Amino acid sequence: MTHASLLRRITDYAYRADPYPLYAELRGTPVLHEEEGGPYLVGSYWDIRGLLHDPRISSDAANLAAAGGDEPGGPEEAGLPPSFIRLDPPEHDRLRRMANRPFGPPHSPRRIDAMSGELREIVSGLIDGLRDAGQVDLVDQFAYPFPVTVICRLLGVPREDEPRFRAWVDPLVASLDPETGGNETDRLRAVQETRMQLGMYLAGLVEERRREPGADLLSELAADHGPDGPMTMTEVLSTAVLLLIAGHETTVNLITNGMLTLLRHPHVLHRLRDEPGLAVNLVEELLRYEPPVQFVPQRTCIADVEVRGTVIPKGSRIWLVLAAGNRDPERFEDPDRFDPDRKDIQHLGFGSGVHSCFGAPLARLETQIALSELARRLDAPRLVEDPPPYRRNAVLRGPRRLNVALDGVRP
């Protein structure tokens, strides 16, 4: 195989179940550029980390569009202006600061930890629903509904509206990973209609919260009057949709990749059942070993950038292949081994720099609770098919289904 075919193989669905040999091949070329006008790929840990902190690498959607970017699906805003993950400083910094005030440290250090009891309650209810099944699909019956319920509670969507909210979310999330076949025009029209309905619903909810604020995140985003002033309506909506769609898909894949890895390493699954505290380190190793986001394609060089002797010209698109960096033997000892006791796990699973994953604290807690409770309560779980069928999306990699046979569910 020639290097000229490597990008096509990385994005080819045929390699989705195991892309890691391709990433090892990528690391053999510090900067891979296949064809005129195509993206530059970087797969080594230290190079990726440096570029994630480099102000010459832009995340601005306008720069990407000017460079001719038409990238494989990442989280998209629902017909709204770009959220802060698609902007550069200083506008990025202003919006992220405003979003972070009610979400995490230093202003709201306990918001996520305080949700722990509610997360356990949601997880318990979903696992209870598996009791009478000899075989379950852990994606559809557990990993998929869990994060959307969490984001409903976090934003303050009324309980009676949660089914309607999920009915809007499902097609939006599915649009990130379209099936082949079918009428594309009809699909896009349906997605656009769903986006409009969700946007109208959230706008109404924001107005309610501005009149009568509660203790939820949406109230604080809508009513906060910190040093940067209040968010506009479109800024609140963009931030809410970012949390909803980007956070949902990342968490689904992290939980599903995690259970798949545990079922392939039954001795670790048994340990987690007996040592629930193992979940903290285990999730960090999962973020290194099987990251939910494989690469970051929405970056553009706004100046010439030199990487190991190769100059990436201004205006070029650059793909940072996080999953390749996470298994770089120059950075990690025995990188292809899943080791929940690994001491040094400074992974790239949530990115790094100013665009490091905003929702990482919530995704970590959700996955720690989900995996430890699944390990504790599922009786003799075993894979029905390995490898399972994967989503078509090359960026947001995870199984579309994870069919698991059970002997039962423990109390």
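The values are calculated or read from the model by the stated rules, or taken from the named source; none is laboratory data. Since we're looking at a predicted model, the values are computed, not measured. Cβ placement follows ideal geometry from the backbone for every residue including glycine, while neighbour counts extend to all protein chains displayed. These area figures cover heavy atoms from the full protein model, side chains too; ligands, DNA and RNA do not enter into them. Shrake-Rupley method; radii C 1.70, N 1.55, O 1.52, S 1.80 Å.
Observations, loosely collected:
- For the chain, the Kirkwood hydrodynamic radius from C-alpha pairs, put into Stokes-Einstein at 37 °C and a viscosity of 0.692 mPa s, yields a diffusion coefficient of 148 µm² per second.
- Note on the stretch 9-48: Cα-only Rg and Dmax are 10.8, 29 Å.
- Dipole-positive endmost among Ala17, Gly104, Ile255 within the chain (Cβ charges, Cα centre): Gly104
- Kirkwood Rh, Cα atoms: Rg over Rh of the stretch 250-388: 1.04
- The three principal axes of the C-alpha atoms in the stretch 327-392 carry coordinate ranges of 40, 31, 29 Å, sorted with the longest axis first.
- In Å², nearest 10: area of Val283 left accessible to a 1.4 Å probe: 0 Å²
- Every helix of 4 or more DSSP H residues in the chain counts as -39500 (n - 2.57), and over all residues that averages to -13500 deg cm²/dmol at 222 nm.
- The chain - percent relative contact order, Cα under 8 Å, separation 6 or more: 28 percent
- Rg ratio (alpha-carbon, reference 2.2 N^0.38 Å) - the stretch 166-316: 1.42
- Average accessible area per residue (Å²) across the chain - probe 1.4 Å, nucleic acids and ligands excluded: 41 Å²
- For the stretch 104-237, the alpha-carbon radius of gyration amounts to 1.24 times the rule-of-thumb value 2.2 N^0.38 Å expected for a compact globular protein.
- Max mean-square fluctuation residue, GNM over the chain, Cα-Cα springs under 10 Å, options Ile318, Ile112, Ile255: Ile112
- Ranked by how many other beta carbons lie within 10 Å on average, peptides 362-373, 343-354 from highest: 362-373, 343-354
- Charged-residue dipole, Cβ positions (Lys, Arg, Asp, Glu), the chain about Cα centre, Debye nearest 20: 340 debye
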